[in-house]
Amino acid sequence: MVVPNQSIIEIGVGTGLLLEQLLKIDPQYNLTGMDHTAAMLEIAKERLGDRAKLFEADIISMSIPQQFDVAIFNGGLCAFVDTGSQCDFYTHLTDDESNVLPLQNIANCLHKGGLFIINIQGVHDNHDRSLPGGIVYSQEIFESTTNKDCIEKTFYFKKDERVLAQQRLIYRIFQGEAIENIFNQAG
């Protein structure tokens, strides 16, 4: 449970929306946000002003001398996915070692007994969603042809069936004991 005056870091702070909501709950929180994208941090700085410390770093190579009571990881690099019968751990990093490093970095920035809060989301599925201006967001999920523990997900923004932008991502899926093993390796 997050209590007043705790030191909280959000890994992947983006535009600062979550930290802004925490400040509405209690302006006494000692907030820090980290992101690897300078443009996102600029928006977060406009939103949060001097109510939170912000810095640019990569989760894989970051080293934070300060320790926190709470670390929040709200999606981005990894998340838990609730399949209805279990929770799987999805990550954009496909090899074990690359997945241990970010989790170790988070563990290292927490006080002993600190709280790690990580995003839980629904199953990745194929769907289309209409957006304003006649734009349609679509995503398609494919089984990976290169790794049995992965899926591939393609995001599209379309207008009048013309693709305006697209991105293809690979997600590594850890299940059952493999989740416990990766978190134990990270500490």
Next item on the list: Quick one: give the max-minus-min coordinate of the C-alpha atoms of segment 127-173 along each principal axis, largest first, in Å.
Entry: 38, 15, 11
Check: Ordered by packing density, taken as the mean number of other Cβ atoms within 10 Å over each peptide's residues, highest first, how do 75-83, 5-13, 129-137 rank?
Finding: 5-13, 75-83, 129-137
Checklist line | For HIS36, residues with placed amide H under 5 Å, excluding near neighbours | finding: ALA57
Note to self: Can you give me the long-range amide H partners of LEU93? Hydrogens built in the peptide plane at 1.01 Å from N, cutoff under 5 Å, separation of 5 or more residues or another chain.
What the structure shows: ARG172
Note to self: For segment 28-131, compute Rg over Rh where Rg is the Cα radius of gyration and Rh is the Kirkwood radius from the inverse mean 1/r over Cα pairs.
What the structure shows: 1.00
Margin query: Normalised radius of gyration for the chain, please: alpha carbon Rg relative to 2.2 N^0.38 Å, two decimal places.
Written below: 1.12
Next item on the list: Once you've got the Cα coordinates, tell me which of LYS53/LYS112; LYS53/LYS153; LYS24/LYS53 are over 24 Å apart.
Entry: LYS53/LYS153
Next item on the list: Would you kindly derive the ³J(HN,Hα) couplings of segment 136-153 from the backbone phi angles with the Karplus curve 6.51 cos²θ - 1.76 cosθ + 1.60 (θ = phi - 60°), listing them in order in whole Hz, with x for Gly and Pro?
Entry: 10, 8, 10, 9, 10, 10, 10, 5, 5, 8, 10, 8, 5, 8, 10, 10, 10, 10
Checklist line | Helix-only mean residue ellipticity at 222 nm for the chain, each DSSP H run of n ≥ 4 adding -39500 (n - 2.57), per residue, nearest 500 | finding: -7000 deg cm²/dmol
Note to self: Can you give the FRET efficiency to the nearest 0.05 for LEU17 and ILE151, using r as the Cβ-Cβ distance and R₀ = 22 Å?
What the structure shows: 0.25
Check: Quick one: length gained pulling GLN67 to HIS92 fully straight, 0.36 nm per residue minus the C-alpha distance?
Finding: 6.4 nm
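Throughout, read-outs are computed from the coordinates displayed, never taken from laboratory work. From a predicted model like this one, the values you see are computed outputs, not experimental measurements. For neighbour counting, all protein chains shown are included, and Cβ atoms are generated from backbone atoms with ideal geometry for every residue, glycine included.
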